[in-house]
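Reading through the structure tokens given below for one structure.
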Amino acid sequence: MKYVIIGGDAAGMSAAMQIVRAKQNHDITVLERGEIYSYGQCGLPYTISGIVDEPEDVIARSVETFRNKYGINAKINHNVTNVDQDNKEVHGTITTTGEPFKYEYDKLLIASGASPVNPNWDGIDLSGIFHVKTIPDTKDILSYLKKDVKNVTIVGGGYIGLEMAENFKEIGKNVTIIQRGHQLMSPFDSDMAKLIHNEAENKTLMLSSVNQ
Ligand SMILES: Cc1cc2nc3c(=O)[nH]c(=O)nc-3n(C[C@H](O)[C@H](O)[C@H](O)COP(=O)(O)OP(=O)(O)OC[C@H]3O[C@@H](n4cnc5c(N)ncnc54)[C@H](O)[C@@H]3O)c2cc1C
């Protein structure tokens, strides 16, 4: 049975490892458009303050481990652009060379994850504006912090925004969080959110609420 998996991070590689454990003669190809497999994005905010030393420290298993130890045909720089369900084929382009590729599958898993929302705002491409999703994103932020950065504004007061705020505060930045709606951590009940607001104020974070 030929398995093809699109996406080499948490979902894709836990599925791949389940197949490895369950099947003696597995034939698994993973198509990852980036260069890094199986890493814990959860740790990335903590590289800002140095609680986690380096962004690469969050990598759980390298691509070589998947290839050499587990016999997975783990590809990097393979961007999937089309699935042909009739012929059971996956098509795409190798990002480094522009060459097309094609893989046949018996079973296909799309584990391509999510991307940060990139609002269609004027100035969104200006220097000094970042997302935090991947190891390269985090490296970009760390590199920018080598400049004389004093003030940090975070758009979005959910889990990741708060973790980033905590870590920027830890390294002495003035931090403002801008949150749409009336409370940080919108999934929480208001009494719990109040505790978070109090803690944020104790840490001298600036909070701005924007209704939209
Ligand atoms: C900063 C941050 C902190 C987080 N903290 C926590 C936490 O504390 N606790 C928690 O539970 N979760 C946390 N999360 C969420 C967690 O990281 C995600 O839920 C998890 O990474 C999802 O895994 P995934 O494999 O579904 O998707 P992803 O991690 O997004 O992986 C998808 C992969 O597919 C690849 N891909 C996408 N499209 C294509 C294509 N067309 N062709 C080839 N490859 C493609 C991408 O390059 C990527 O490697 C955090 C996330 C972030 C960004």
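Taking every C-alpha pair closer than 8 Å and separated by at least 6 residues, the mean separation divided by the residue count of the stretch 63-212 gives a relative contact order of 12 percent.
One way to sum up the overall shape of the chain is the equivalent ellipsoid from its Cα gyration tensor, whose semi-axes run 38, 18, 18 Å, largest first.
What does the net charge come to around Val63 if you take all other residues with beta carbon closer than 12 Å to its beta carbon, with K and R at +1 and D and E at -1? In short, 0.
Most mobile of Gly161, Gly123, Gly71 per a Gaussian network model of the chain (Cα springs, under 10 Å)? Residue with maximal mean-square fluctuation among Gly161, Gly123, Gly71: Gly123. For the set Met1, Met17, the ranking by accessible area, highest first and with no ligand, DNA or RNA atoms included, is Met1, Met17 under a 1.4 Å probe. Taking only the C-alpha atoms of the stretch 38-104, the Rg (one decimal) and the largest Cα-Cα distance, Dmax (whole number), read 16.4, 50 Å. Among Ser127, Ser143, Ser186, the residue with the largest mean-square fluctuation in a Gaussian network model of the chain, with springs joining Cα atoms closer than 10 Å, is Ser127. In terms of overall dimensions, the stretch 148-209 has a Cα radius of gyration and Dmax of 11.0, 38 angstrom. In order along the stretch 35-45, the Karplus-derived 3J(HN,Hα) couplings, from 6.51 cos²θ - 1.76 cosθ + 1.60 at θ = phi - 60°, round to 10, 10, 10, 6, 10, x, 4, 4, x, 4, x Hz, and Gly and Pro are given as x. Separation of the stretch 13-73 and the stretch 171-194 by C-alpha centroid, Å? If we compute the Cα centre of each part, the gap is 32 Å.
Derived scalar couplings between HN and Hα for the stretch 125-133 equal 8, 5, 5, x, 10, 9, 9, 10, 9 Hz in order, rounded to whole Hz, by the Karplus curve 6.51 cos²θ - 1.76 cosθ + 1.60 (θ = phi - 60°), x for Gly and Pro.
Note on the chain: GNM, Cα springs under 10 Å; of Ala111, Ala74, Ala193, the largest mean-square fluctuation is that of Ala193.
When peptides 34-46, 88-100 are ranked by their average number of other Cβ atoms within 10 Å per residue, the highest-first order is 34-46, 88-100. Net charge in the neighbourhood of Thr134 (other residues with Cβ under 14 Å of its Cβ; Lys, Arg +1, Asp, Glu -1) is -3.
The values are calculated or read from the model by the stated rules, or taken from the named source; none is laboratory data. Bear in mind that the values here come from a model prediction, so they are computed numbers and not experimental data. A quick note on method: Cβ atoms are made from the backbone with ideal geometry, for glycine too, and the neighbour counts reach across all protein chains shown. Ligands, DNA and RNA are excluded from the accessible area calculation, which covers all protein heavy atoms including side chains. Shrake-Rupley method; radii C 1.70, N 1.55, O 1.52, S 1.80 Å.
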